[in-house]
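In what follows, a single structure is set out as structure tokens and then discussed.
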Amino acid sequence: MDRKYRVMIIDDEESARKLMRAAINWGELNMEVVGEAASGIEAINVIDDLKPDIAFVDISMPFMDGIEFTQTATGRYPNLVIIIMTAINQFEYARRCVSLPVFDYMLKPMVRTEITKVLERAKKMLDASNVTWEEPKVEHTGASADESNTTELIKKFVEDNFADSKLNLAYIAQHFGFSASYLSRKFKQETGSNFIEYLTNLRMKKAMQIARANVKMYQAASEVGIPDPNYFSRCFKKYAGMSYSEYVASKYE
């Protein structure tokens with residue numbers, strides 16, 4: 001049976017994401033949309049869980065644009081098929097991507113038949129290469145650690161670097177010289193939570209501390225490594241059970 005390819009849509013416009021979901025017969029292409037992100041920052045945070053084979057990336061997004069995302073993603077996930085979406089007036093800006101391994105560029109508003117053609121070509125390439133979600137590229141950076149103490153070292157590293165918006169499982173794997181899947185299993189086994197849960201919960205715990213000083217939400221978001229306030233807001237509400245403004249207000253009643 002043919003493998004079903006996983007697609008991720010990264011665009012700050014919800015209407016554009018919904019339209020792409022609805023416009024394409026994904027099943028006919030043996031593909032499925034496994035997730036979305038409204039910014040490059042959000043995408044970096046969820047990509048290890050979604051494991052997409054193909055990512056549609058809008059070039060113009062706040063906080064981390066399509067080019068920055070592409071630079072980060074292609075460095076860590078060399079087999080990810082990236083399709084850049086750009087408006088005609090941004091095409092010159094898109095040319096900055098020429099040195100990056102981008103599969104194709106598509107002008108917005110995109111046409112269903114053109115999207116389908118690009119996806120058919122991507123599928124043909126993926127079929128021929130016969131690769132699955134490759135581990136993020138691992139570079140041994142000289143970080144030496146006794147395996148029995150790795151998890152504690154990772155927790156300390158995250159504690160010291162949580163404000164880095166590009167921090168995720170692949171980043172940690174590169175730094176410590178392990179494969180992401182091994183590190184993910186080991187971390188879950190020894191802490192009881194997966195890495196992204198641990199990182200997000202740490203960031204939200206820090207955000208709650210910052211909120212007590214009546215700091216504005218966008219400033220708190222940036223200080224904990226999630227400069228996209230919309231994504232930060234969703235994470236905070238899930239963790240705290242109330243919105244950031246409600247939490248701040250509750251401390252000053």
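Please treat every number below as a calculation from the coordinates, not as lab data. Model, not experiment: these values are computed from the prediction. So basically every Cβ, Gly included, is an ideal-geometry build from the backbone, and we count neighbours across all protein chains shown.
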### Summary
So, relative contact order of the stretch 147-250 in percent, Cα under 8 Å, 6 or more apart, is 25
### Query
Normalised by the residues of the stretch 5-129, what does the relative contact order come to in percent, with Cα pairs under 8 Å and at least six apart?
24
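If you put +1 on each Lys and Arg Cβ and -1 on each Asp and Glu Cβ, how big is the dipole of the chain around its Cα centre, in Debye rounded to 20? The partial results should precede the final answer.
Details: 32 positive and 35 negative charges, 61 e Å.
So the dipole magnitude of the chain works out to roughly 300 debye.
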### Task
Determine the shape class of the stretch 147-250: with a ≥ b ≥ c the square roots of the Cα gyration tensor eigenvalues, call it rounded for a/c under 1.5, and otherwise prolate if a/b is greater than b/c, oblate otherwise.
prolate
#### Entry: Cα principal axis extents for the chain, largest first, Å
55, 46, 35
### Message
For the chain, what does the relative contact order come out to in percent, with C-alpha contacts under 8 Å and a separation of six or more?
### Response
16
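Assuming R0 = 35 Å, can you tell me the calculated FRET efficiency for the pair Lys251 and Glu13, based on Cβ-Cβ distance, to the nearest 0.05?
0.55
Show me 73-86, 40-53, 233-246 ranked by packing, highest mean number of other Cβ atoms within 10 Å first.
Taking the mean over residues of other Cβ atoms within 10 Å, the ranking is 40-53, 73-86, 233-246.
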### Normalised per residue, the volume of the convex hull around the Cα set of the stretch 5-129 (Å³)
96
## Note on the structure
The set of residues whose placed amide H lies less than 5 Å from the amide H of Tyr5, leaving out same-chain residues fewer than 5 positions away, is Met31, Glu32
### Message
Taking the Cα centre as origin and putting +1 on Lys and Arg beta-carbons and -1 on Asp and Glu beta-carbons, what dipole magnitude results for the stretch 5-129, to the nearest 20 debye?
### Response
380
